[in-house]
Amino acid sequence: MLFKVLSAAVYGIDANLIDVEVDYSGVVAEKDTFHTVGLPDAAVRESRDRVRAAIKNSGYLIPPTFITINLAPADMKKEGAGFDLPIALGILGAYGALQTSDLRQFLLVGELGLDGSVRAVPGMLPVAILAREKNIPNLILPAANAAEAAVVEGVNVYPVSSLLDVLELLNSQVVGVIQREPFHVATEHLLNFKDVRGQQTAKRALEVAAAGSHNILMIGPPGSGKTMLAKRLPSILAPLTFDEALETTKIHSVAGVLDAAAGLVTQRPFRSPHHTISDAGLIGGGIVPRPGEVSLAHNGLLFLDELPEFPRNVLEVMRQPLEDHTVTIACASMSLSFPARFMLAAAMNPCPCGYFNDKSRECHCTPPVIQRYIAKISGPLLDRIDIHIEVPAVQYKELRGGAAAEGSAEIRGRVMAARERQRQRFKKAGEKIFANAQMTTRQIRAHCELGADAERLLERAMQQQGLTARAHDRILKVARTIADLEGAEHLTVAHLAEAIQYRTLDRSYWA
C-alpha cells in the first residue's frame with residue numbers, strides 16, 4: 001500500500017515542500033528492510049534505525065517486509081533528521097494504523113528519539129511560512145519549536161512530544177493548537193551609557209551612527225573605552241518592527257541559534273565574533289550553506305574588536321555584503337542567498353603597542369611597523385565605513401568626576417525621533433528603505449540637496465583629502481542623519497562640516 005505525508009526541507013532561509021511517499025512490497029523478508037531514495041544525506045539514511053526503534057517502542061510492530069521511502073522531488077538534496085516523523089507516520093499509515101488515508105491538510109516535521117519522543121529541529125519558522133503559502137492549514141511539529149512557528153498567522157500549530165501524540169491527534173482530531181502570542185518588543189538592556197565617563201565626542205558619533213544605521217570605526221589606545229562603548233550601542237538602537245523581527249528570526253531559526261522559549265527575536269542582534277573566525281564563519285558556507293555572522297547580525301549590529309587582528313582575507317569578504325546587504329554563496333550543489341543588512345562597528349588600536357599619538361605614554365613602534373599594522377585594513381574596506389573617530393584615553397578628572405553621564409534612554413529618544421523622520425520621508429516618497437545609510441545615489445540626490453556654501457565646503461574637502469565618490473555619498477548620508485537628529489529639513493554647512501570631520505581620521509593614519 002502507498003501512503004503519502006507532507007513535510008518540508010529548508011534551503012537558505014526558505015523552506016520547500018517535500019512529499020514523503022512510503023510503500024511496502026508485501027513480500028515477507030527475513031527482517032524489515034528500508035530503502036530511502038530522493039538524494040538523502042547520511043542523517044536521512046540513518047533515520048531507518050531511529051524510526052524502526054521509535055515505532056517498536058511506541059507499541060507497534062512492523063512486519064518483516066521491503067519498505068521503500070521516496071522523498072520527492074528526487075533531484076533536491078535532503079538533509080537533517082526532520083524527516084523522521086513523517087517517515088514513521090507514513091509507515092504506520094501504510095500498515096493501517098491511521099483511521100484516515102488523506103493527510104493533505106497536515107504538514108509534519110520532527111526528529112524521533114529511540115523511545116518515540118519528538119525532538120526539536122532548526123528552521124521551523126520558514127516551514128510555518130511555507131505552510132501558509134501552500135494553504136496547508138495544520139502544522140505538526142516538536143513542542144520545543146511551537147512558540148517559534150506560532151507567530152505565523154493562518155496556520156494551526158499542533159505541538160507534539162511523542163509519536164503516540166501524533167497518532168492520537170490524527171485518529172481522534174483532538175484540538176491542541178497553540179495560541180499565537182502578541183508581538184512585544186524587548187526594550188530592556190543591561191548595559192547603559194551612564195556607565196561611560198567622558199568620551200563625549202565618541203558618544204555623539206555613536207548617536208549619529210545609530211540614528212542612520214551608519215558603519216563606524218573607533219581608533220584609540222588600550223583601555224580608552226572602545227569596547228565598552230560598542231557593547232552599549234544596542235541600547236540606543238531603534239526597536240525592531242514586526243517585519244524585521246520575522247526576517248531576523250528566520251535566519252536565527254535556520255542557523256539553529258534561536259531561543260526556543262522566546263519564539264520571535266525581539267531585540268536587534270548583537271554579534272561579536274572572535275578574530276580567529278574563518279571567512280566561511282563570517283560570511284556563511286558549508287556543504288549545505290548556512291548563515292554566517294554577517295547574516296546573523298541582519299537588522300542588528302556586527303562588532304569586530306581588534307580589527308587588524310582579523311585575517312585580511314576574512315575582512316575583505318565583507319566588502320560585498322557592506323555594499324549590497326546580501327550574501328550569495330555558491331557551491332557545487334546549489335547557490336543560496338542570505339540577507340546581510342547589518343550595521344558594522346569596529347575598534348582598533350593605532351599601532352601594535354597601542355600608544356601611537358597618545359599623550360600619556362610613549363609609543364615604541366617604528367613607522368614601518370605602524371604602517372604594516374594599519375595596512376591590514378584595506379582602503380576599499382575603510383571606504384565603506386561611514387564614520388571614523390578617535391577615542392583618546394580618558395583623563396583622571398573625567399573618570400572620577402561626580403557628574404552623572406547621559407543615559408541610554410535619553411540618547412535613544414533622539415535616535416527614535418530621527419528614525420521616525422526618516423521613515424516618514426521615505427514613506428512619502430514611496431521608497432522601501434528604513435534608514436539613511438540605505439539610500440541609493442538617486443535617493444541621495446533627492447533628499448540631500450546642498451546650498452551654495454555647503455557645496456563649496458564639500459568640493460574643498462573632496463579635493464584636499466582626496467575622497468572617493470563613495471566617500472562623497474557617505475558624507476551626504478551622514479549629514480542627512482545629523483540634520484534629522486536636529487529636526488532640520490535642509491542640510492546646512494554645520495551638518496556637512498560635522499559629517500566631513502568623521503572622514504578625516506582615515507587620511508591621517510592611512511595617508
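The values are calculated or read from the model by the stated rules, or taken from the named source; none is laboratory data. Computed from a predicted model, the values in this text were never measured in an experiment. Note that each Cβ is placed from the backbone with ideal geometry, even for glycine, and that neighbours are counted across all protein chains shown. Please note that ligands, DNA and RNA were not included when accessible areas were found on the heavy atoms of the full protein model with its side chains. Shrake-Rupley method; radii C 1.70, N 1.55, O 1.52, S 1.80 Å.
Numbers for the structure displayed
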| item | result |
| --- | --- |
| All lysines inside 21 Å of Lys376 as judged from Cα atoms, apart from same-chain residues fewer than 8 positions distant | Lys226 |
| Helix axis angle, 242-255 relative to the chain longest principal axis, alpha carbon, degrees | 60 degrees |
| The stretch 453-489 versus the stretch 304-319: alpha-carbon centroid distance in Å | 27 Å |
| C-alpha center-to-center spacing [the stretch 109-166, the stretch 61-87] in angstrom | 18 Å |
| Net charge of Cβ neighbours under 13 Å - reference Met228; Lys, Arg +1; Asp, Glu -1 | +4 |
| Percentage relative contact order, the stretch 403-511, counting C-alpha pairs under 8 Å, at least six apart | 29 percent |
| Cysteines (scope the chain) whose Cβ has no counterpart Cys Cβ under 4.7 Å | Cys331, Cys353, Cys363, Cys448 |
| Accessible-area composition of the chain, carbon plus sulfur, in percent [1.4 Å probe] | 52 percent |
| Which of His495, His490, His472 is most accessible, then next, and so on - probe 1.4 Å | His490, His472, His495 |
| Radius ratio Rg over Rh of the chain, counting only Cα atoms, Kirkwood formula for Rh | 1.08 |
| Probe 1.4 Å, accessible area per residue of the chain, Å² | 44 Å² |
| Under-5 Å amide H pairs with Asn138, H placed in peptide plane, nonlocal only | Leu107, Asn156 |
| Helical mean residue ellipticity (222 nm; -39500 (n - 2.57) per DSSP H run of 4+; nearest 500) of the chain | -11000 deg cm²/dmol |
| Relative contact order [Cα under 8 Å, 6+ residues apart], the chain, whole percent | 13 percent |
| Lysines whose Cα lies under 23 Å from that of Lys78, excluding same-chain neighbours fewer than 8 positions away | Lys4, Lys134, Lys250 |
| Rg/Rh (Cα only; Kirkwood hydrodynamic radius) as it applies to the stretch 102-172 | 0.95 |
| For q = 0.10, 0.14, 0.15 Å⁻¹, Debye-computed log10 I/I(0) when each Cα of the stretch 400-511 counts as one equal scatterer | -0.35, -0.64, -0.72 |
| Summed side-chain charge close to Asn215 - residues other than Asn215 whose Cβ falls under 10 Å, Lys, Arg +1, Asp, Glu -1 | +1 |
| Lysines whose Cα lies under 19 Å from that of Lys231, excluding same-chain neighbours fewer than 8 positions away | Lys194, Lys203 |
